[in-house]
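Structure, as structure tokens:
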Amino acid sequence: MHDPNFLQTLWFALIGVLWIGYFVLEGFDFGVGMLIRALGRDETDKRMIIHTIGPVWDGNEVWLLTAGGATFAAFPGWYASLFSGFYLALFLILAALIVRGVSFEFWGKEDSPRWRATWEWTAVVGSLLAALLWGVGWADIVHGVPMNAAHNVTASLWDLLHPYALLGGLTTLSLFLAHGAIFLSLRTRGEIVARARAVALGASVASVVLMGAFLLWTALDQNSGGVKVSQQVVAAGAAGLAAAVPLLLRRARDGWAFGLSAGAIALLFASLFVGLFPNALPASSAHANDLTLVAASSTHYTQTVMTVVAVIFVPIVLLYQGWTYWVFRHRLGRDDFEGTPTPIAVLSSLGREGASAAAHERPLPPPAEPPATA
Amino acid sequence: MDGVLPAPSFAPMNTLELARLQFGVTTVFHFIFVPMSIGLAAWVAYCQTRYHRSGDEVYLRMTRFWGKFMLLSIAIGVVTGIVQEFQFGMNWSQYSRYVGDIFGAPLAMEGLAAFFLESTFVGLWIFGWNRLSPRVHLATIWLTAFGTVLSAYFILAANSWMQHPVGYTINHVTHRAELKSIFAVLGNSTVLLAFPHTVFGALVTGGMLVLGISAFGLLRGRNTDVFSRSARTVLPLTLVAAIATGAFGHAQGTLMEKQQPMKMAAAEALYTTTKGASLSVFAVGPFERHPKRLNTDIRIPHLLSIIGTASWNGQVKGINQINAEEKAKYGPGDYVPIVGVTYWTFRLMAGAGVLLVLLALLGLLLMRRARLEQARWFQRAAIAGAALPVVANLTGWIFTEMGRQPWVVYGLLKTSQANSPLVGSGSLIITLLGYTLLYGVLLIVGGRLFLREIKHGPESEPVRDDSEEPGGKPGGAPREDLILAY
């Protein structure tokens, strides 16, 4: 077996970056989705909570679509084996993503408590299920799945739900929950900040324990042979960053906590990707059936074309998505949503003079913490 | 392999057919909303530009009112689009391995270049009204609209490769198609016609929706300034787009004669090669795969030859001859799609297109005579007409995909060799039911919100006091028209 060439390695890394980008970004909006009911005491709170991710969650999700598309282009064999092999698990994730996506869209569109409660619950359950199952899925990928010589996965849905994978799921669940709670503490003001921070503290402590256990198990579990030092270094980094998060939260350093939480998520997945290399999908049944990156790869020409496209577009995308976060950097408070100054109301009053004073997000007294690094 | 359920014997369907049905359901549902989003995004961008230039309040109210419909259709299009990004791997793993080297590239480009643009800037548009300068805010809607159109190009380039593979070689070691020229794939003659046909069709879809809803508003006699202006502005644009859709469609047909002769013959249900062929307008046969006789068949003499070959007695190849040729070329097998489907989807598409042109023409005529706002019969017709583009989009799509059968990639790979070998009928039935249920709920809720917005109409007066609803709860009850965001 030969090693992946430069472009194959590059594209494996780039796909890793896309997944990491997805989890760092959508991670917090999963967390926010899960917390709508727990942190929102009334309708105003809930509206405010949904608004913190309103302008960005859809863009965050595109990281996933692009990871999928990039996998198809650069490693069609991986795309084929992975998504047909994880069929029902992926279906559950997709269904959860659809449900939570429309929940945010539908929530405010009818004025009835029952209507809102329905879409709150679907947002909570959808976010929770997706956050859990992504961890389960990635743990399965790293661990390997039963696969035949044609690289078709022979596992059923139940085979994917073994304890190691479930631990992976609980790890991402707790990480994203903490990540979302910290995000809320950064993007809101008023009494909700303290509540969000308290949830963040609890979730981040849980995530340290769960992630520590998961990474330890991963180190022991790697049935692809000897321990990879590079992977363990990255994993230790992830654990270190995660451990610092609760300490920072106790000192109300929310901005730093968010940055480190993002870093912990990024390094966790980086360690998994390092561990996976040079495989795309190991076979737990027989190593001869491992799907390697080389075997899954598209041609040098296609990867060259895609590299050119990525070099042009990735910086542009980063630039305008970063700009979006800059535009919507201000904290939201209850007073922004009292009366009816939702964005629509602002919209409706656009024609009137002086209406802009009713902008739903007004710039605030300077925040006590450094701004988020999102 | 299905762990969840033992594969039940689903007598009339094998796993391949289930995979096709499930894929078809998700794709067709997604495609209800895609052309709507493309058309409405362009229309909203147009309205906002007019407002930006003129400062005329009516255009602002139009922007906001039509923006709600755009956002609803984008929302449903986006969430159902997530599924599509993975469906090729899920249902068609052999296909994905075979064509991934070529097909994956435009898909990845679509994500990087188009999806990011569309979803990021639509967020900025919704939430950025008072945060961005008017000029920058106007740019966000244009970038959204541009993103939707760009996305159409990439996905149609990918699809066109399935209709007419170019710029590839077959690697005989790996038995896969390999990309030789990305420019050939992106500049495929098929996509150069399919793209304008689809995008103009999308503009018609958006335009007819605007016209239909405006007609409803005019019938009720409320907010007539917004509705009258909308109808008058959208009518000429829709007519031009409808004619362009038809013109490019005709060009596609001519090209298809060369590239996929079987599809065109099957569209006309023409079995034997004929000189001076007549065009069948309405035919019904027994419900079987290859009907031996027809119960009804109304034909216009020579018209098919005129359309297809631009001559009175031109020869048009029939299904039987093409089938024999393909057998000689590709080996034994049946190369005929289900003719009942191709014949009728083609007729529904073209028929809807003709009706749309006539409707738009009539509207323009009434407009020139200043009777658009009074002609209640036309307003009723326009309401019904809003459904026509959807019919044309869906039947056109089904025609182009089912007319290619038995191929998934024309001449290279058959659909029967394309599915995921270990995805069993249990998994397929679960997901088929799951998606149907989920999408059914989306359709009901989305439709309900759509209808509510129509009923509610645009804000009647921009100077209306909208500070507090009487009896508002703490936090303020959301006003009925607060549909843009949350």
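The values are calculated or read from the model by the stated rules, or taken from the named source; none is laboratory data. All of these numbers come straight from a predicted model, not from anything done at the bench. Glycine also receives a Cβ, built like all others from the backbone with ideal geometry; neighbour counts cover every protein chain displayed.
Apart from one condition, A:Arg114 fits all of (1) under 22 Å from the mean Cα position of the chain (by Cα); (2) at pLDDT below 95; (3) more than 7 Å from chain B (Cβ to nearest Cβ); the exception is (1). A:Ala288 falls short on exactly one of the conditions (1) modelled with pLDDT of 90 or more; (2) in a helix (DSSP H, G or I), and that condition is (1).
Listed here are the residues, each with its yes/no results for (1) within 24 Å of the chain's Cα centre (by Cα); (2) away from every other protein chain (no Cβ under 13 Å).
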{"residue": "B:Cys47", "(1), (2)": "yes, yes"}
{"residue": "B:Arg53", "(1), (2)": "no, yes"}
{"residue": "B:Leu60", "(1), (2)": "no, no"}
{"residue": "B:Leu72", "(1), (2)": "yes, no"}
{"residue": "B:Ile76", "(1), (2)": "yes, no"}
{"residue": "B:Phe86", "(1), (2)": "yes, no"}
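On inspection, A:Phe91 does not qualify as touching a strand residue (DSSP E or B) at 6+ places or on another chain (Cβ under 8 Å) and either facing another protein chain (nearest Cβ under 7 Å) or surrounded by 24 or more Cβ atoms within 10 Å (Cβ to Cβ) (or both). Within region B:212-221, being assigned to a helix (DSSP H, G or I) and surrounded by fewer than 20 Cβ atoms within 10 Å (Cβ to Cβ) holds for B:Phe216, B:Leu219, B:Arg220. Among the conditions (1) within 7 Å of chain B (Cβ to nearest Cβ); (2) free of Cβ contacts under 8 Å to residues at least 40 places away in the same chain, the only one that A:Asn60 does not satisfy is (1).
Just one of the listed residues (B:Val191, B:Val240, B:Val226) is of a type in the set (A, V, I, L, M), touching a residue at least 40 places away in the same chain (Cβ under 8 Å) and either out of contact with any Leu (no Cβ under 6 Å at 6 or more places or on another chain) or more than 14 Å from chain A (Cβ to nearest Cβ) (or both), and it is B:Val226.
Return a yes/no flag: does region B:369-380 have any residue that is farther than 20 Å from B:Arg222 by Cα and part of a helix (DSSP H, G or I). No, the conditions are met nowhere in region B:369-380.
Close contacts from region B:401-428, counting a first residue that is within 14 Å of another protein chain (Cβ to nearest Cβ) and a second that is in a loop (DSSP other than H, G, I, E, B) and among the aromatic types (Phe, Trp, Tyr), with Cβ to Cβ under 7 Å and a gap of 6+ residues or different chains, come to B:Ala418/B:Trp92; B:Asn419/B:Trp92; B:Ser420/B:Trp92; B:Ser425/B:Phe10. A:Tyr22 falls short on exactly one of the conditions (1) surrounded by fewer than 24 Cβ atoms within 10 Å (Cβ to Cβ); (2) aromatic (Phe, Trp, Tyr); (3) at the interface with chain B (Cβ under 10 Å from one of its Cβ atoms), and that condition is (3). For A:Leu133, the requirement of being free of Cβ contacts under 8 Å to residues at least 60 places away in the same chain, in contact with a Gly (Cβ under 7 Å, 6 or more places away or on another chain) and more than 10 Å from every other protein chain (Cβ to nearest Cβ) is met. Screening B:Glu178 on (1) at the interface with chain A (Cβ under 7 Å from one of its Cβ atoms); (2) within 26 Å of the chain's Cα centre (by Cα); (3) closer than 27 Å to B:Phe23 by Cα shows it passes everything except condition (2).
The residues of region B:246-276 that are part of a loop (DSSP other than H, G, I, E, B), over 26 Å from the mean Cα position of the chain (by Cα) and either at pLDDT 85 or above or acidic (Asp, Glu) (or both), listed by number, are B:Leu270, B:Tyr271, B:Thr272, B:Thr273.
Filtered by the rule that a residue be under 21 Å from the mean Cα position of the chain (by Cα) and in contact (Cβ under 8 Å) with a residue 40 or more places away in the chain, region A:236-250 gives A:Ala242, A:Val245, A:Pro246, A:Leu249. Taking first residues from region B:17-38 that are crowded, with 20+ Cβ neighbours inside 10 Å and partners that are outside any helix (DSSP H, G or I), the Cβ contacts under 8 Å between residues at least 6 apart in sequence or on separate chains come to B:Leu18/B:Phe10; B:Ala19/B:Trp92; B:Ala19/B:Asn419; B:Ala19/B:Ser420; B:Ala19/B:Val423; B:Phe23/B:Trp92. Summed over region A:88-109, residues that are without any contact (Cβ under 8 Å) to a residue 40 or more places away in the chain and over 20 Å from the mean Cα position of the chain (by Cα) total 2.
The criterion of being part of a helix (DSSP H, G or I) and buried (at least 22 other Cβ atoms within 10 Å of the Cβ) holds for A:Gly180.
Of the residues making up region B:293-308, not a single one is surrounded by 12 or more Cβ atoms within 10 Å (Cβ to Cβ), outside the structural domain of B:Thr400 (by TED's automatic domain parsing), polar (S, T, N, Q) and under 28 Å from the mean Cα position of the chain (by Cα). Scanning region B:60-80 for residues that are closer than 17 Å to A:Leu65 by Cβ and buried (at least 24 other Cβ atoms within 10 Å of the Cβ) yields B:Ile74, B:Ile76, B:Val78, B:Val79, B:Thr80.
Residues of region A:305-339 that are exposed (fewer than 13 other Cβ atoms within 10 Å of the Cβ) and either of a type in the set (Val, Ile, Thr) or not in a helix (DSSP H, G or I) (or both): A:Val308, A:Val311, A:Ile312.
The residues listed here are A:Trp115, A:Trp78, A:Trp121; of these, the one that is part of a helix (DSSP H, G or I) and surrounded by 23 or more Cβ atoms within 10 Å (Cβ to Cβ) is A:Trp78.
Considering (1) in a helix (DSSP H, G or I); (2) farther than 24 Å from B:Pro406 by Cα; (3) more than 29 Å from the chain's Cα centre (by Cα), the lone condition that B:Lys329 does not fulfil carries the number (2).
Listed here are the helices (runs of 4 or more DSSP H) enclosed by region B:22-140 that have at least 2 residues being hydroxyl-bearing (Ser, Thr, Tyr) and within 27 Å of B:Thr400 (Cβ to Cβ): B:57-91, B:93-109.
Only residues that are surrounded by fewer than 17 Cβ atoms within 10 Å (Cβ to Cβ), of a type outside the set (A, V, I, L, M) and outside any helix (DSSP H, G or I) were counted across region A:225-262, and they come to 3.
Collect the residues in region B:183-211 that are over 17 Å from B:Ile38 (Cβ atoms) and either of a type in the set (Gly, Ala, Ser) or part of a loop (DSSP other than H, G, I, E, B) (or both), keeping them in residue-number order. Passing the criteria: B:Ala184, B:Gly187, B:Asn188, B:Ser189.
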